[in-house]
Amino acid sequence: MNSSNPTLAPLFSFLEYTLTTAQTTFDKLPGSAVILRYVKSSHQNDPGRTLLELILVIFAIRTLLQSRTRADRTGKHFIQFSEKEIDELVDEWTPEPLAQPLPTTEAADLAAVPVIAGANGVKPKLLSTGKTATNLASFNFANLQGNEHIKQRAIETLRKYGLGSCGPPGFYGTLDVHMDLENDIADFLGTEAAILYSQGFSTVSSVIPAFCKRGDIIVADRAVNFAIQKGIQISRSTVRWFDHNDLKSLEDVLISVEKERKKRRGPLTRRFIVTEGIFQKDGAMVDLPKLIELKYKYKYRLILDESYSFGSVGRTGRGLTEVYNVPASKVDMLLGSCAIGLSAAGGFCAGSRNVVDHQRINGPSFVFSASMPALLAVSASEGINILRNTPSIFETLQENVRAARAILDRVECITIPSHPASPVIHIYVKQQYPGLLSPVPMSASLSASSTSSKQHHSLHSAKDVARESARAAEYLVEERLLQEVVDETLAQGVIVTRAKRLPGQEIVEPRPSIRLALTSGLTRKETERAVTVLKGVLVKVLGKRR
């Protein structure tokens, strides 16, 4: 042993010199002391972690050094085909369709959609006949479609900025016109700030998961639109549903949530009420003052989707806050659609500065989607100026709404669930058998994680399943009748549309309906004439059913 020491001495000296040199070099590196302190504390707390990290470092070095390709360069495993064989294989190959063929009913619905020649508006030209028709189908409440001033400003913006924004808002996608529009919206509504989204659908489906996380509680109306449903699903929050537009049911659910929390001695969590101003599915309008009263009483935050009430109700189109004279600051997150209310594109969320700034780094659509084209942002800003300076627009719109309802309310074969002031009017076929088409009750404690189709149907008794089958069959009959009404009305020069549904995808299936979207671009007499045509067709077609 002693005799081998002189032989190993040079090796030990070399190793000592190498380690000393490596340590000296490492100490000179910036941040080396921090790394060394981290390794020491990590090894002291969890020695196994040090070994794991060492293995990972070795694996990373090996991966970087090994060949990037494992292709067999010899070609011995490849099959050689002749040119003739290649041509035969190409001729025999049948590509699979990119999408499955449409069912017969969906194909018929698509074929029935009227095609417009030229610009859309209150009286567009039909491609099939070359004649103009009165448009009661498009969302053009303030008659901003085709406005010449907006058109010229859009052309000027297009020439200055080009078409696309070429990036998300946080990455070279924000232009001065986007910031101007956000300021215009905040000033118009009376909030501290506003944030702009490039797609209307993704606005609410991004805002909800930006604030609501797993463990939070969402109390939502059962009839909220599909975009809200997707936002709730993405949030993975615990959801409690209340009956459609029934604030007594809402209060009962709020009380039950608090009782459940106290019973299990759970911690306080973030809690949100989610609903719409004017509901997309039936045109009903929420009682905003009562809603805000409940929000403060039970200490919830309110997410209010005004996609169909912004730019359509109120003295200057500010929505429900103007209708009920409620300060917009009392709504924590006020959402609207620039596409629907301003005939532009995208959507917005208005609220406090903290609410808006939080979304700039947490709103999925804001972070990952390209910002809207500059010309559409300018169009929306010009639309706001028109709403602000021309309140007579909404006087004309409400006059048309009253005229239409005066005619339709006297038709016995239909029912109208929409609010009397709503320019979005839904028309249902009057039920022959009351109760058949009413929604199947859902458990008030149904959570978002348990709303899948299989779990939802497993809660039903055999009677409920039979009832749903009868309801589905009745829905198909109603849809065929309503489509006949749409086709016959179009033949007489008035464009109306059936409200589109997503069978099997929504939490509660909406009833088939004809949806009217009234506009201030028509006079009262023109509106009465068009609605009278619809009334005659309804009586004619639905009279067959009797």
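Overview of values
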read-out: Among the candidates Thr104, Thr134, Thr129, residue that is of a type in the set (Ser, Thr, Tyr), over 19 Å from Glu382 (Cβ atoms) and touching a Gly at 6+ places or on another chain (Cβ under 8 Å); value: Thr134
read-out: Boolean, Ser198 is of a type outside the set (D, E, K, R) and either closer than 20 Å to Lys330 by Cα or open to solvent by less than 20 Å² (accessible area, probe 1.4 Å) (or both); value: no
read-out: Single residue of Asp221, Asp243, Asp187 found to be open to solvent by 70 Å² or more (accessible area, probe 1.4 Å) and out of contact with any Cys (no Cβ under 7 Å at 6 or more places or on another chain); value: Asp187
read-out: Hits in the stretch 270-315 (condition: farther than 23 Å from Arg240 by Cβ and surrounded by fewer than 18 Cβ atoms within 10 Å (Cβ to Cβ)); value: Arg315
read-out: Every residue from the stretch 474-486 that is open to solvent by less than 50 Å² (accessible area, probe 1.4 Å) and within 18 Å of Glu106 (Cβ to Cβ); value: Tyr475, Glu478, Glu479, Leu481, Leu482, Gln483, Val486
read-out: Residue match in the stretch 226-248 (condition: hydroxyl-bearing (Ser, Thr, Tyr), in contact (Cβ under 8 Å) with a residue 12 or more places away in the chain, assigned by TED's automatic domain parsing to the domain that holds Tyr300 and assigned to a strand (DSSP E or B)); value: yes
read-out: In the stretch 359-373, the residues that are of a type in the set (A, V, I, L, M, F, W, C), crowded, with 19+ Cβ neighbours inside 10 Å and in a helix (DSSP H, G or I); value: Phe366
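Let's see how each residue does on (1) touching a Ser or Thr at 6+ places or on another chain (Cβ under 7 Å); (2) within 28 Å of Ile495 (Cα to Cα):
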residue	(1), (2)
Val90	no, no
Pro95	no, no
Gln100	no, no
Ala117	no, yes
Asn120	yes, yes
Gly130	no, yes
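The values are calculated or read from the model by the stated rules, or taken from the named source; none is laboratory data. The model shown is predicted, which means the values in this text are computed figures rather than measured ones. Every residue, glycine as well, gets a Cβ built from its backbone with ideal geometry; the counts of neighbours run over all protein chains shown. For the accessible areas, the whole protein counts, side chains as well, though only heavy atoms, and no ligand, DNA or RNA atoms are used. Shrake-Rupley method; radii C 1.70, N 1.55, O 1.52, S 1.80 Å.
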